[in-house]
Structures are given as C-alpha cells and as structure tokens.
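Let me begin by handing over the structure; questions about it come next.
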Amino acid sequence: MPERSETDSRKLLRRLRDTLATPAKGQERLDRITHLIADSMGTEVCSIYLFRDPETLELCATEGLKPESVHQTRMRLGEGLVGRVARSATPINTGDAPAEKGFRYMPETGEEIFSSFLGVPIQRLGERLGVLVVQSKAARQFSEDEVYGLEVVAMVLAEMAELGAFISEADGFSAAHQNPVMFRGATGQEGAAEGRVWLHEPRVVVTNPVGDDPEAESARLHVAVDELRQSVDRMLSDSITSDKDQLDVLEAYKMFANSRGWLKRMEEDIARGLSAEAAVEKEQSIARARLEQVPDPYLRERLHDLDDLSNRLLRILTGQGKDTGAEMPENPVLVARNIGPAELLEYGRKLKGVVMEEGSVGSHAAVVARALAIPLVIHAARITSEALNGNAILVDGDQGVVHLRPEETVAKAFRDKIAMQAEAQSRYASLRELPATGQCGTTITLMMNAGLMADLPSLAGSGADGVGLFRTELQFLVRSRVPRRAELASIYAQVLNAAQGKKVIFRTLDIGSDKVLPYMKPQDEPNPAMGWRAIRVGLDKRGVLRMQLQALIRAAEGRPLSVMFPFIAAQDEFTAARQAALDEMDRERALGHVVPEKLEIGAMLETPSMAFAPRAFFEQADFISIGGNDLKQFFFAADRENERVRRRYDTLDVSFLGLLEQIIARCREANTPLSFCGEDAGRPIEALTFAALGLRTLSMRPASVGPVKHLIRRTNLANLKAVIDEARDSGAQSVRSVVTHFLARQ
Ligand code: PEP
Ligand code: MG
C-alpha cells in the first residue's frame, strides 16, 4: 500500500473526527462530511444515503449532486446501484455506471454527467445503516486503495451513526435501534411478558473509531491478540471435553486467533487511521455481512466462531466486560445468543422473559426456563444485534414471537392479552382448594412436574395434589461437577419438606440423549435419543444410581418415598433397577439409618415395547407413569427435538390413543396406578382426552394445573368419551376437532 494514501486516509479520518466533534445540527454535519470526503478523495461527488426505514434509502447529503434532490431522492433496497450496494453489503466500483447492471437514472440529481461510481455500505456489525458514494466525471475505475479508504471512512460514519451523531437528528428517520422490529422465533416456553431488554452480553461500544497514533494502536492490537490467543489456548488445555464438536469449535478459535490474514487486515485498517477496536469491528462487520449470504452451514459456523472471537477481542481492547455497570431495568427480559442453565438459574425468577437467538426446545436453558415458568422464545435471529439494554420488549411465548420497541397499538393489544391471562389465573386460583371432579363425578388427580427448588413454591400456588415427576437430572445439569451424596440428600429433604406431606415422585437420573452433563464424557453416538441413556446408564454404571438412591432414602428420614426409573424398555431392566433400590434399603437399614416407612417403586413407560410387556411387569411396578414426550417420539419415529418433524404427528391421532388405551387396560388388569407426565398432560385438549380415555392422574407444569382443572370441572368425561368413540367409529384420524368442539360447546 503506498505510503501517501495511508497518510491521506489518516488525515481524512482525523478531519472527519474533528468535524463530527464540533457541535452542529445533524444536516449541517452530514453536509460537511460529504464536502470533506469529496475534497479529500478528489471526486466531484460524495453522497450519503441512509435508511429511512428497513426498505427505503434516502439521499441525505451530497456534495456535487443537485442540492434540491437531498431528502427527495429515494430508492428501495436493491434498486439502482445504491440499492444494490445496500442489499449485498458489498462495494460497487465501476468506470461506466450507466452500463452497470441495475443502474437507475435519477434525473432530479443531475448525476447523468458522472460516469464513474464507487459505493460502499455503511454498516456496523452486520446492521445496514446506509451507503456512501463517490462519483466523478472521468470514466475511471477507482483503485483498490481508494475502495479500501472509502470503506474505512464508512466504518467511522457507521460508528458515529451508532452514537447518534446525526441520524437521530434527521427528521422522520427510523434511526438505528429505534424502530419497532418483530422477530419470529419458536416457542421455548409458553406465556406472555412485557418488560425491558437486559442483554446477557451487552454490545461493546466503541467510542473512539479514529486512532491518532497508528503505531500505538497496532501495539494495543498485538497485546490484545496475544491475550486472546493465550485465553484460547487455556480454553483448549482446560477443556476436559472429548466432544468432537466442542473441540472443533475450540480448534477453529485457535485457527482464527492465529490467522495472519485476519491480523493483517486489521493492521491495514489501523494504518488507514482506525483505532484498534474500530479495526476489529470493521472486519467483524464484513464477516457478519458474509454470514448472511453463506448458505453452507459449515462455513456459517466458522464465521460465527470468528464473530465470537472478535467480540472477545473487543472486550479485551475496551475493557468492557459483561458487567458494564448498567443497572438491570425493572421487569427485565433477558436477551442472549445462548445461555447455559446455571447462568439462567442465577438470574432466576426476577426475569420476566427470555429470548435467545439459538437454543432448542430441549436445551438445558429451556428446561430451566420452563422450571421457572418464564416465557421463552428461541431462534429469534439477530435480536442481540438489534436490541439495546433498556429497550421495550414484548415476549409472546405462545406464538414464538418477540416485538422489540413495539408500536403503542401492538403493546396495547399485548397488554390486553396479558390482562386476560392474569384474569384467568385469578379465576384458576379460586379453584385451588377444589378437586378436579368432572360433571360425571369422576375425579382426576392433578400433579405437577418439577426439578429445581425454585419449582416448589408453585406446589401450593397451583393447587396441584403433589409432584408427579421430579426430574432429578436438573440438579446435576446446573452444576459443574457431580454433586455429592450429602448435597443431594439435603436437596431432596428440602423438596420433601416443601411438599408438606404431599406425594413427590423422584425420577432417578435421566441423562444421555439431549441431557448431557458438562462433566461427563459425551458418548459419540449416532442416535443419542435411542442410545445409552437414562436407566441404561444407571444399570451399567451403578455408582451414581446407588449414590442417588442412598441420598433419596436418607432424605426421606423415615417418611414415605416414591422413586421412579426412567426409560424402562424391557421388563428385566425394571426388575434390576427395583432390586437396586431394595438392596440400598437393606444396606441403609444395616448401617443403622432410618429408612422410609414405605417405598414405592415405579417405572416410566416411554417406549412402545412396554405397552406389550409381560403381565409380571405391570404387577411388579407399584405405579407406572407414561412419559409421553418420549413415548410419542418413538411411536411416530419423530424426533422431539427436531423442529421439522416434532409437530407433525398429533397426540390425538387415533393410533396413539389406541396405544394409550392399551396401557390403561394393562394397568387396570394388574391394578397398578397409572399417570401421564409428558408435556401433553398440561395441554387442556389433550388432558381432557386422556381423562376421558381413563387416565386418572396427570402430571404437568404448574401453570397448567389451573386451566386443566377448570376445564375438567365443567366437563362430563363420560359424554366426551362417547364423542371420541363416535369419531373413531366414523373413521377419523385424529379426534382433536371433535374434542375441541365438544369442549367449546359446553
Ligand atoms: C417424557 O418423556 O415424557 C418425560 C416426562 O421425560 P423427559 O421429558 O424428561 O424426557
Ligand atoms: Mg422422557
């Protein structure tokens, strides 16, 4: 790169900074900037086009085009050369603009006499703010140096736009981070919340895009990159994981952190006059723009890695950690790219809602959000780039939709919805002490699902008859090491204390499949959902199972205890697991500990095989609980984690109902209590259908107890059963519509 252009570029940036620093109205500032750039680049024209709204660009300032076209000339995204630069987020450089594809002549600007055109995007971290254009009469292509120099200028403008130096003052503009944006994601946990954004990892704010001393800036960059490399090396050496994907990510980090190309580009940016952090951001912006256009998932992941690494580097350079000193707003809604279960738990119930860019319905964070009954939307693409701390936000967990900085009309409709839900909740609260008895006189026992101490207050509040499923793995998932027996015993004792004599069914550890413990060596299995999980692990590795059983027995301190084994797929597995529990009882007794006055040992029925198990299985089990989430995925061969297929098959499909009836009949025959504890038990239509088919105990998330009880109390289950039978006789594939109609009519 010639020395002269570097110096020129630095000079221009410094003049730009000074211009921006002098107090002036937004328009005046823009005018000075265009004048400055044209002058410095030796072009007749320099224009700034900014987004008026996400689809429209407006000419906001120009040196060289007709002044009366300012704020008059507009184009759609993708329209004309300017629109193309904005859409593709890449420069267009041509010596013969009219011959260029997509050229659109704007007569009011008088631009027809300018033959050459160079346009570069004004963008910040993948967010498009506008287009910076220079034009000249001479038919010449701009040199690579000039393109590069203009990109650097655009970067500084983007930073200034971010800081509100001019855009927010320009009339009628939906400036960056001020306009309403809607995100369509997926439901992680139902419910609605209104609050203010709290970013899990706040955006780093670059306050000094222009560097005065390139050498000093370059030295700062080097020190920061060294620190980054060391931290990546540490991450690699500390990593106890043998998971190939995780190691791949770390290796990719290492590769980028040591990439000469990356460092070299940033050094060039600094030589042009950017500060070290602005240089990092410039490269990050380019990577983000690319990210949006790359269809290859592998490459996208790598660009994501680079993005992560750039963020780390920015934090090192600016010293801005996660704690920016900002105060958490009232009614905080957490916005994160992703978050671990332990971190989410730390925020706890003070959060009104959670929105993530990534995640999955079965992710640990989703499990925790569910336990805390916080509305959660996942897959809200780009929300961490759009949202600012303190922005108003509405989370619609039912629809998987998020409204950021909503219009008042949207907010009002949303509030009505929340008010209606609150009203319904208070109606349900009045049913708290009443039984779930239908019009036909049949009573259904309604239990709740839990897994954390944080769930327990819901037991009294929801009106549940007990805890029908306590998922013990959550205590393991939110820790960084295996909990000790005494720790577990104390937690289980607290759970029993909080239940105040109501039944709690503890399910032994259900790990494997989607629930991978951070400290357990992950198994490289082709299909983990059908792999080494739950009781299969428990029976093969007896240590943890025994430790857990001992902790449960001790926690009971003589009180009755109910233990349930997950994922029993064959009778002998249950026999072995049950024997393990009985052996621990004997051992504890022999050691002189008080043992539970009564021990009930149950099985979760989660594979179709058990509907056809030998009668002895049903007789041996003290109770059985249908794990509908797993049972359904195996019955329909549809992965419960896979968004493409998980909603494809209806729980109320007559074939699945037939399977449930078979299980109900087998349990009746053996006189074995039966419950249903999958998510469907908490969905009113499903719950009522199950009850009509003969299920007498349902265990669900606490928030569902009220609505389900309300509906059962209004319903004659015998009549509902008749309607279901009639639909089946007439050949329906699903009974959903008849059940929905029946319930709506009563
Ligand atoms: C189920 O499979 O229905 C169940 C309750 O267990 P989990 O969701 O924890 O797998
Ligand atoms: Mg299950």
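Taken together, the values in this text are just the output of simple stated rules run on the coordinates, not laboratory data. None of these values were measured; they are calculated from a predicted model. Using ideal geometry, Cβ is built from the backbone for each residue, glycine included, and neighbour counts are taken over all protein chains shown.
Would you please put 566-577, 86-97, 625-636, 730-741 in order of how densely packed they are, using the mean number of other Cβ atoms within 10 angstrom per residue and starting with the highest? Before the final figure, lay out the partial values.
Numbers: 566-577: 20.1, 86-97: 18.5, 625-636: 22.3, 730-741: 15.1.
By packing density, highest mean first, the sequence is 625-636, 566-577, 86-97, 730-741.
So what is the calculated 222 nm ellipticity per residue for the chain, using -39500 (n - 2.57) for each DSSP H run with n of 4 or more, over all residues, to the nearest 500 deg cm²/dmol?
On the way: 26 runs with 337 residues, N = 746.
Computed ellipticity for the chain at 222 nm equals -14500 deg cm²/dmol.
Taking other Cβ within 10 Å of each residue's Cβ, how do TYR105, TYR347 sort, fewest first? Write out the running numbers ahead of the final one.
On the way: TYR105 10, TYR347 19.
In order of increasing Cβ crowding within 10 Å: TYR105, TYR347.
Stokes-Einstein D for the range 520-563 at 20 °C, 1.002 mPa s, Kirkwood Rh over Cα pairs, in µm²/s? All intermediate terms of the calculation are to be shown ahead of the outcome.
Numbers: Rh = 12.3 Å.
After rounding, the answer is 174 µm²/s.
At a threshold of 8 angstrom on Cα-Cα distance, excluding pairs fewer than six apart, so keeping six or more, what relative contact order does the range 622-728 reach in percent?
Reported relative contact order: 26 percent.
Oh, and also: Can you give the net charge of the other residues whose Cβ lies under 12 Å from the Cβ of GLN439, counting K and R as +1 and D and E as -1? Let's see the in-between values first.
Values: positive: ARG713, ARG714; negative: none.
Here the charged neighbours net out to +2.
Pull up all non-local amide H partners of VAL401: gap of 5 or more, or a different chain, and H-to-H distance under 5 Å with H placed in the peptide plane.
GLY185, ASP396
A further question follows. Counting other C-beta atoms within 10 Å, which of MET328, MET585 has the fewest, and how do the rest follow? Please list the in-between numbers first.
Details: MET328 14, MET585 19.
The most exposed by this proxy come first: MET328, MET585.
With a bin width of 5 angstrom, please list the P(r) values of the range 351-393 as percents of all Cα-Cα pairs, from the 0 bin to the one holding the largest distance.
For the range 351-393, the binned pair fractions read 6, 21, 32, 22, 14, 5 percent.
Among the lysines, which fall within straight-line cross-link reach of LYS254, defined as a Cα-Cα distance under 18 Å, with same-chain neighbours fewer than 8 residues apart omitted?
Leaving aside lysines fewer than 8 places away in the same chain, those within reach of LYS254 are LYS244, LYS264.
Average the reciprocal distances over every distinct pair of alpha-carbons in the range 340-472, invert the result, and give the Kirkwood radius in Å.
Details: mean 1/r = 0.0589 Å⁻¹.
Across the range 340-472, the inverse of the average 1/r is 17.0 Å.
Related question: Show the residues, 5+ positions off or on another chain, whose built amide H is closer than 5 Å to the amide H of LEU605.
SER625, ILE626, GLY627
Can you grab the distance from the C-alpha centre of the range 622-645 to the C-alpha centre of the range 57-96, Å, no decimals?
54
Mind putting together the pair-distance distribution for the range 31-170? All Cα pairs, 5 Å bins, whole percent per bin, short to long.
2, 11, 22, 28, 23, 11, 3, 0
Taking only the alpha-carbon atoms of the chain, what semi-axes of the equivalent ellipsoid follow from 5 times the gyration tensor eigenvalues under a square root, in whole Å, largest first?
Numbers: eigenvalues 716, 174, 94 Å².
Result for the chain: semi-axes of 60, 30, 22 Å.
I would also like to ask the following. Please arrange TRP262, TRP198, TRP532 by how many other C-beta atoms lie within 10 Å of their C-beta, fewest to most.
On the way: TRP262 20, TRP198 26, TRP532 14.
Ordered by Cβ neighbours within 10 Å, fewest first: TRP532, TRP262, TRP198.
Which net charge results when you count Lys and Arg as +1 and Asp and Glu as -1 among the other residues whose beta-carbon is under 13 Å from that of ARG17?
Around ARG17, the charge tally is +3.
Okay, next question. Work out from phi, with θ = phi - 60° and the Karplus expression 6.51 cos²θ - 1.76 cosθ + 1.60, the ³J(HN,Hα) of each residue of the range 465-472, listed in order in whole Hz, and give x for Gly and Pro.
Each residue of the range 465-472 in turn: 7, x, 9, x, 8, 9, 7, 6 Hz.
Would you mind checking LYS66/LYS137; LYS503/LYS632; LYS25/LYS137; LYS352/LYS417 for any pair whose Cα atoms are more than 19 angstrom apart? Before the final figure, lay out each step's value.
On the way: LYS66/LYS137 15 Å; LYS503/LYS632 26 Å; LYS25/LYS137 31 Å; LYS352/LYS417 15 Å.
Result: LYS503/LYS632; LYS25/LYS137 exceed 19 Å.
ILE724: net charge of surrounding residues, Cβ under 11 Å, Lys/Arg +1, Asp/Glu -1, itself excluded?
Numbers: positive: LYS721, ARG728, ARG736; negative: GLU661, ASP725, GLU726, ASP729.
That sum, taken over residues with Cβ under 11 Å, equals -1.
Calculate log10 I(q)/I(0) of the range 55-128 for q = 0.18, 0.24 Å⁻¹, where I(q) comes from the Debye formula with a single equal point scatterer on each Cα and nothing for solvent.
These q points yield log10 I(q)/I(0) values of -0.71, -1.26.
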